[in-house]
Amino acid sequence: MNTTDAPLKSLDEWEDFMKERYPEPAGETSPPKKFKATDAEKKKEQFRNYEADARPSVREFYRLNHTYQTYEFGQEKRREFASLSRREMGVWEAAEFLNTLVDDSDPDTDLSQLQHLLQTSEHIRRDGQPRWFVAAGFIHDLGKILCLYGEPQWAVVGDTFPVGCAYSDTIVFSKFFESNPDSQNAVYQDRLGVYSEGCGLDNVQMSWGHDEYIYQVAKPYLPMEALYMLRYHSFYPWHRENAYSHLTNAQDREMLKWVRAFNPYDLYTKSHEAPNVSELKPYYEDLISEFFPSKIKW
Ligand SMILES: [Fe+2]
Ligand SMILES: [Fe+2]
């Protein structure tokens, strides 16, 4: 992969940026259950700062993501990946496969992909959440194996947004949408675009990435609450900014609380204390077998 496709030193760079953008509320030792709303003015000011302070690599990543994530691109990627005909492997095996993703992250301070998954799921488990919630935490980023298929970073990670309708101004670096061909399409820039009021997110095409891919893989096996967590965990404009409510239906609004409950475990559980993979493996093998067959389609 060349640097045009991979401006980020590691996928973590995008996640670190999200953490700067949505800092952990002060004084919270465990994931907060609720986020405090800030007024629109303050938010706008913060936005400008995030954009101004972003590393050049992160800025370039967003430029590529916002330029190339078109409606048509998403259709093409769904045709390419939704048939799940690439591989057949177990969930733990997929986690080990993802762990072979070698990037330029700092081996002394950065956690491996498997360690991030385990930190997330272990925190969920320690909080006494249901087992399907722990399972969702463990698999939530397995869609990043798209990188191992040679997909560029901008088509794997990044906060997601609906395509085929107007972009919300709560999306960071929205100015980069100017170079997206969809911004020249009047239908795609309409408030509802190709959708209808309250049509439900299931009928809305999100920008393509690891969230949609893992949702497709896990769809037959996990309860709806978990599937919402997987599919929309990077949809920050919805779960943190309350945007796009005109596209949601009653089920989405009901499920939003689960997507929100998941987010702090994803965003704020990174510590340098590495989980012990071999010690945890038996618990996860058991948990995985409760929900998934020994091999699933990817
Ligand atoms: Fe993710
Ligand atoms: Fe994650």
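The values are calculated or read from the model by the stated rules, or taken from the named source; none is laboratory data. Values in this document were obtained by computation on a predicted structure and should not be read as measured data. A quick note on method: Cβ atoms are made from the backbone with ideal geometry, for glycine too, and the neighbour counts reach across all protein chains shown.
Could you look through region 241-295, keep only residues that are among the polar types (S, T, N, Q) and within 16 Å of ligand 2 (Cβ to nearest atom), and pick out the one that is farthest from residue 141 (Cα to Cα)?
271
Which residues, counting only those in region 147-166, are outside any helix (DSSP H, G or I) and crowded, with 20+ Cβ neighbours inside 10 Å?
151, 156, 157, 158, 159, 160, 161, 162, 163, 164, 165
Given the conditions (1) within 16 Å of ligand 1 (Cβ to nearest atom); (2) part of a loop (DSSP other than H, G, I, E, B); (3) among the charged types (D, E, K, R); (4) more than 14 Å from residue 232 (Cα to Cα), which single one is not true for residue 144?
(2)
In region 220-240, what residues are under 22 Å from residue 169 (Cβ atoms) and away from ligand 2 (no atom under 16 Å from the Cβ)?
237, 238
Are there any helices (runs of 4 or more DSSP H) wholly within region 198-298 with 3 or more residues that are more than 16 Å from the chain's Cα centre (by Cα), modelled with pLDDT of 95 or more and buried (at least 17 other Cβ atoms within 10 Å of the Cβ), and if so which?
Once the helices (runs of 4 or more DSSP H) in region 198-298 are filtered for at least 3 residues that are more than 16 Å from the chain's Cα centre (by Cα), modelled with pLDDT of 95 or more and buried (at least 17 other Cβ atoms within 10 Å of the Cβ), what remains is 277-291.
Tell me which of these residue 85 doesn't satisfy, since it passes every other one: (1) polar (S, T, N, Q); (2) at pLDDT below 95; (3) away from ligand 1 (no atom under 16 Å from the Cβ).
For residue 85, the failing item is (2).
Yes/no matrix, rows are residues, columns are (1) among the hydrophobic types (A, V, I, L, M, F, W, C); (2) without any contact (Cβ under 8 Å) to a residue 24 or more places away in the chain; (3) within 14 Å of ligand 2 (Cβ to nearest atom); (4) farther than 22 Å from residue 241 by Cβ:
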position	(1), (2), (3), (4)
125	no, yes, no, yes
135	yes, no, no, yes
141	no, no, yes, no
144	no, no, yes, yes
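Select from region 123-141 the residues that are in contact with a Leu (Cβ under 9 Å, 6 or more places away or on another chain), part of a helix (DSSP H, G or I) and within 15 Å of ligand 1 (Cβ to nearest atom) and write down the one among them that is farthest from residue 57 (Cα to Cα).
So, considering only residues that are in contact with a Leu (Cβ under 9 Å, 6 or more places away or on another chain), part of a helix (DSSP H, G or I) and within 15 Å of ligand 1 (Cβ to nearest atom), the one farthest from residue 57 (Cα to Cα) is 136.
Based on what the data block shows, is residue 143 within 17 Å of the chain's Cα centre (by Cα) and of a type in the set (Gly, Ala, Ser)?
So residue 143 passes the test.
Taking the condition assigned to a helix (DSSP H, G or I) and closer than 22 Å to residue 11 by Cβ, does residue 171 pass?
no
Looking at residue 180 and the list (1) more than 16 Å from ligand 2 (Cβ to nearest atom); (2) in contact with a Gly (Cβ under 9 Å, 6 or more places away or on another chain); (3) closer than 14 Å to residue 64 by Cα, which single condition is not satisfied?
(2)
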